[in-house]
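The values are calculated or read from the model by the stated rules, or taken from the named source; none is laboratory data. A quick note: this is a predicted structure, and the numbers were derived from the prediction, not measured. Cβ coordinates were reconstructed from backbone atoms using ideal geometry, including for glycine residues, and neighbour counts include every protein chain displayed. Quick note on the areas: whole protein, heavy atoms, side chains included, nothing else; ligands and nucleic acids left out. Shrake-Rupley method; radii C 1.70, N 1.55, O 1.52, S 1.80 Å.
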Amino acid sequence: MTTRVMLLNGPNLNLLGERDSQVYGSRTLEDVESAFVELAAELGVEVVTAQSNSEGVLVDRIHEARSLDGIVINPGAYAHYSYAIRDAVEAVRVPCVEVHISNIHAREDFRHRSVISAVVDGFICGCGVYGYELALRALIKRIEEKKAGPLAAS
Ligand code: CA2
């Protein structure tokens, strides 16, 4: 069966490319999603994309991902304090890789911690939008390991 993953972006990421390009680069969210879908297609993977500025909608999308094989999520600033999103990621038991465009550890103190990072399979930050490609590749590897069973994981 075809592997299907969700690319989920959180608050303000719809503004990518519009300003703060020294922090987030010049690509728009549409560019990021197209590149992600294109790479996924090359790797034989289907993608559902979603973005929301609302915590509850993001929780709903994570719940919907129960019918999929994995999630790449950039929770935006919710990473730093949303226990609701953390609980949703933990509850759905779907492989998940968290990505941040910027290096959150090199920024303001409040950004240094992700409350979600403890419940994800992988965490990538500071690689710019290239982090989404890294996250997709890491997620697919994790999904394949899961499908092969625990003894096959390396
Ligand atoms: O580095 C990341 O990917 C972040 O998740 C981006 C969030 C930020 O709150 C996190 O701490 C780190 C913010 C996204 C805001 O995106 C904008 C894009 C263009 C213009 C203004 C904001």
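Report the charge-dipole magnitude of the range 3-148 in Debye, nearest 20, computed about the Cα centre from +1 at each Lys and Arg Cβ and -1 at each Asp and Glu Cβ.
On the way: 15 positive and 21 negative charges, 75 e Å.
About 360 debye.
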Along its principal axes, what span do the Cα atoms of the range 55-102 show, with the longest given first and each in whole Å? 29, 20, 15
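I'd like the per residue volume of the convex hull spanned by the Cα atoms of the chain, given in cubic angstrom.
Each residue corresponds to 104 Å³ of Cα convex hull volume.
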Just to confirm a number: summing +1 for Lys and Arg and -1 for Asp and Glu over residues other than G17 whose beta-carbon lies under 10 angstrom from that of G17, what do you get? -2
Give me the net charge of D87's neighbourhood, meaning all other residues with Cβ under 15 Å from the Cβ of D87; Lys, Arg count +1, Asp, Glu -1. 0
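Just in the range 57-150: which GluC sites (Glu not before Pro) are loop by DSSP and have at most 10 other Cβ atoms within 10 Å?
On the way: sites: E64, E90, E98, E108, E133, E144, E145; in loops: E108.
When the GluC sites (Glu not before Pro) of the range 57-150 are filtered for loop state and at most 10 Cβ neighbours within 10 Å, E108 remain.
How much accessible area per residue does the range 3-148 have, in Å², with a 1.4 Å probe? Walk me through the numbers before you get to the answer.
Values: 7200 Å² over 146 residues.
Per residue, the range 3-148 has an accessible area of 49 Å².
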Which residue, G76, G17, V94, has the largest displacement toward the positive end of the dipole of the range 13-154 when charges sit on each Cβ (Lys, Arg +1; Asp, Glu -1)? V94
Before anything else, pin down the relative contact order of the chain: Cα pairs under 8 Å, at least 6 apart, normalised by residue count, whole percent. 24 percent
Which net charge results for the neighbourhood of T3, defined as the other residues with beta-carbon distances under 10 angstrom from its beta-carbon, given Lys and Arg at +1 and Asp and Glu at -1? -1
At 1.4 Å probe size, with the rest of the protein present, what percent of the exposed accessible area of the chain is carbon and sulfur atoms? 48 percent
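Ignoring everything except DSSP H segments at least 4 long, calculate the 222 nm mean residue ellipticity for the chain; use -39,500 (n - 2.57) per segment, divide by total residues, nearest 500. The partial results should precede the final answer.
Numbers: 5 runs with 57 residues, N = 154.
The helix contribution divided over the chain gives -11500 deg cm²/dmol.
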